[in-house]
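Working notes, structure below.
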Amino acid sequence: MGDKATKAKRVVAVGVGGRLTRSQLGFLWGVMMPVIALFIIIRVIPVLVVLLMSFTNFNTIRPLVRFLPYENFLRMFGDPNFITAFVNSTEFVIVAVPLEITLGLVFAIYLHRRVKFESLYETLYFLPYIVPMVPAAIIWKWIYAPGTYGLANYILDQLGLPRVGWMSTPQISLLAVIGIHVWKQLGFFVIIFLVGLKNIPMSYREAAVVDGASRWQVTRKVDLPLLKPVILFGVVMATIWAWSAFTEVYIMSQGTDISTGAEIQVLVTRIYTEGFLYFNMGYASAISFVLFIVSLLLVALQFRLFREKSA
């Protein structure tokens, strides 16, 4: 009896001290292991497989596989298609991310200031985000259609402005596709920034007003600094989505007045072309791995910049 009481006291003492007992640890491992295993199967193993394939000449219609230490990565620097796709993806990020974050903040701040029919505006902003990209891109193909068949050029005609070759002018076509991407994703950022603003205690704003701060100063000195974690989340998500854009680019380059779609190809469309049209899975895997590494570097840079600004 004395031994049992001593053990019971030790278990209680361990629980009170914050340490877990064996049964508790066993329960946690039993709950977490399926999740961890699923994450490894879905996320980690595919990355490792792609990395392994990037060092081979693997081709789906050729049985012989040969190890290539660095040929696939060297090939990229001399491949004009890859360079074009890399430049276009970079432009996609540089243009789309600032637009989505800036416009999302502007609209969220506007809605937060007690606009009438706020729920209606939230629905209108969020509606494009829940529309699947394929039908949305098909609608935008009609909007960008050449001549006066397209809605965009029809409106320009009515305003007395010259028509624009939205999908036939290389300097404009990629920006037109980026416009579709921004239109599609904007509602998501409006909603998350609006939720962040609503979670800021009103007492902070009231204290700033008592100190003589104007509405703009309250936004700049109170709202935006407290919204930094949400803004960081928005920047990271916008960067990942812009850097890995595919559907809108692919749909807009099919059956349009662009001859090959090469003017607006991005890294993911290049991966698709090399892997599923030319069956060069080794080279496509190398491009995929570059896409993955650059995404990690961009996200790490954003975390570092936001940490320095917070400090």
Exception for Lys198 within (1) farther than 20 Å from Val106 by Cβ; (2) at pLDDT 85 or above falls at (1)
For region 55-98, the count of residues that are surrounded by fewer than 19 Cβ atoms within 10 Å (Cβ to Cβ) and under 30 Å from Phe188 (Cα atoms) equals 7
Which fully enclosed helices (runs of 4 or more DSSP H) of region 144-257 have 3 or more residues being crowded, with 19+ Cβ neighbours inside 10 Å, touching a Phe, Trp or Tyr at 6+ places or on another chain (Cβ under 9 Å) and touching a residue at least 12 places away in the same chain (Cβ under 8 Å)?
170-198, 228-243, 247-252
Please verify whether region 74-83 includes one or more residues that are assigned by TED's automatic domain parsing to the domain that holds Leu174, farther than 22 Å from Leu227 by Cα and under 22 Å from the mean Cα position of the chain (by Cα).
yes
Out of Thr239, Thr256, Thr260, I need the residue that is at pLDDT 90 or above, in the same structural domain as Val182 (by TED's automatic domain parsing) and polar (S, T, N, Q). Which one?
Thr239
Is at least one residue of region 54-61 touching a residue at least 40 places away in the same chain (Cβ under 8 Å) and assigned to a strand (DSSP E or B)?
yes
Enumeration of residues in region 229-248 that are over 9 Å from the mean Cα position of the chain (by Cα) and more than 13 Å from His181 (Cβ to Cβ)
Pro229, Val230, Ile231, Leu232, Phe233
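The values are calculated or read from the model by the stated rules, or taken from the named source; none is laboratory data. Source: prediction; values computed, not measured. FYI the Cβ positions are ideal-geometry reconstructions off the backbone, even for glycines, and counts take in every protein chain you see.
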